[in-house]
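S.K.: One structure, pasted below without further comment.
The values are calculated or read from the model by the stated rules, or taken from the named source; none is laboratory data. Note that the structure is predicted; figures quoted are calculated from it, not measured. Glycine also receives a Cβ, built like all others from the backbone with ideal geometry; neighbour counts cover every protein chain displayed.
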Amino acid sequence: MRAALLASYHSPLELTELPEPQPERAGDVVVRVGGAGVCATDLHSIDGWMEEAGVRPPRVLGHENAGWVEAVGEGVSSVRVGDPVVVYPAYSCGLCLPCRRGDDMRCVNGRFTGLSADGGFAEHLLTTERSLVKLAPGIDPADVAPHADAGITAYHAVRKVCHLARPGSVSVVIGIGGLGHIGLQLLRELGSGTVVAIDADERCRRLADELGADHVAGAGQVVEAARDLTGGRGADVVIDFVGSSSTHADSLAALARGGTYSVVGYGGTLSAPSISLVANEQSVVANLVGTWPDLYELLELHSAGKVVLRTERHHLEEVNDVLEMLRRGEVFGRAVLVPG
């Protein structure tokens, strides 16, 4: 099969022929890839940042995958050959304590597609029955592949704070990019208050307006927008999909007393006097990917037309060009690689 292989760090992916995976154990499923989302984590893997997550070259990257069931192993009963599916990226055993609590993201026996196991920058990938979510009729797998990571990360973050977005509240979403444009819609759908969208890119601000933001402002206007809309009180919720040192500082400065700062993007340094957090009873919450139920529920919203995913398609052979576009910030929404 054709695949894009990370043969060594700091190098372009190599387009090569690899053996097609086969079901080897009970519960194994081979998926014919219909679309694989391209993520900043793929850049981090190439740059050698993801060894702690299990990346060891040679590795086929790609953790946002959807397609069709191609072959099944012994005992598989919930899917059949030909079924359209999205692949939840985390392998989970179902037996450890985190799995039994429904926290399969922290399975003690887990692996992660495209990081510690070969992923979907290929024509086929090997996964397990536990990782699959069947798609509703009429949905093209390539149109929803990025929900496997970008979507559930946004959903996981919003679900933690949506109860705080009550009528009369003000929530701020920083970064209306690949994750943020999903998070904005989810906050609108699951919450009930005013939603403010912040982005440096005019295209993203226009997108935020199209997707139902109540107010839109440019980068650097987080504090001003939050204070102006609340008579100086500040935002009840800030969800930061950028995660730079400047957005950390702005988010904390924009919070109301009792407010919650939800961090999704990373790369900056978060620094806050503990006396300020305690005196104002503010909370800081971090987020990483999500659970299988998060993916299931998000796909239900997508199927109902309540969440729109903006994507652009590219051929698998263009993978290195797409990665460079992503590195330069030229991808609008999410890029999806399509084999063949």
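S.K.: Mind listing whichever residues of the stretch 97-117 are surrounded by 23 or more Cβ atoms within 10 Å (Cβ to Cβ) and closer than 30 Å to Gly340 by Cβ? Talk me through it step by step, then tell me what you get.
M.R.: Taking the stretch 97-117 first, the residues surrounded by 23 or more Cβ atoms within 10 Å (Cβ to Cβ) are 104, 113-115.
Those that are surrounded by 23 or more Cβ atoms within 10 Å (Cβ to Cβ) and closer than 30 Å to Gly340 by Cβ: Thr113, Gly114, Leu115.
S.K.: Mind telling me which of the residues Val285, Val278 ends up being touching a helix residue (DSSP H, G or I) at 6+ places or on another chain (Cβ under 7 Å), surrounded by fewer than 16 Cβ atoms within 10 Å (Cβ to Cβ) and either over 16 Å from Val144 (Cβ atoms) or acidic (Asp, Glu) (or both)?
M.R.: Val285
S.K.: So, one more: For Leu229, are the conditions met, namely being surrounded by fewer than 21 Cβ atoms within 10 Å (Cβ to Cβ), of a type outside the set (Lys, Arg) and over 30 Å from Arg106 (Cβ atoms)?
M.R.: yes
S.K.: Hey, any hits in the stretch 234-247 for a residue that's under 30 Å from Ile139 (Cα atoms), assigned by TED's automatic domain parsing to the domain that holds His181 and aromatic (Phe, Trp, Tyr)?
M.R.: Yes, that holds for at least one residue.
S.K.: If a residue counts only when it is more than 19 Å from the chain's Cα centre (by Cα) and assigned by TED's automatic domain parsing to the domain that holds Ala36, which helices (runs of 4 or more DSSP H) contained entirely in the stretch 253-340 have at least 3 such residues?
M.R.: Answer list for the stretch 253-340: 319-327.
S.K.: How do the strands (runs of 3 or more DSSP E) wholly within the stretch 1-86 filter down when requiring 3 or more residues that are touching a Ser or Thr at 6+ places or on another chain (Cβ under 7 Å) and at negative phi: which remain?
M.R.: 2-6, 28-38
S.K.: Let me ask something else about it. Give the residues of the stretch 1-48 that are basic (Lys, Arg) and either under 25 Å from Ser92 (Cα atoms) or at pLDDT below 95 (or both), sorted by residue number.
M.R.: Arg25, Arg32
Okay, residues lined up against (1) without any contact (Cβ under 8 Å) to a residue 60 or more places away in the chain; (2) in contact with a Phe, Trp or Tyr (Cβ under 7 Å, 6 or more places away or on another chain):
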{"site": "His10", "(1), (2)": "yes, no"}
{"site": "Thr16", "(1), (2)": "yes, no"}
{"site": "Ala26", "(1), (2)": "yes, no"}
{"site": "Cys39", "(1), (2)": "no, no"}
{"site": "His44", "(1), (2)": "yes, no"}
{"site": "Gly48", "(1), (2)": "yes, yes"}
{"site": "Glu52", "(1), (2)": "yes, no"}
{"site": "Val60", "(1), (2)": "no, yes"}
{"site": "Ala90", "(1), (2)": "no, yes"}
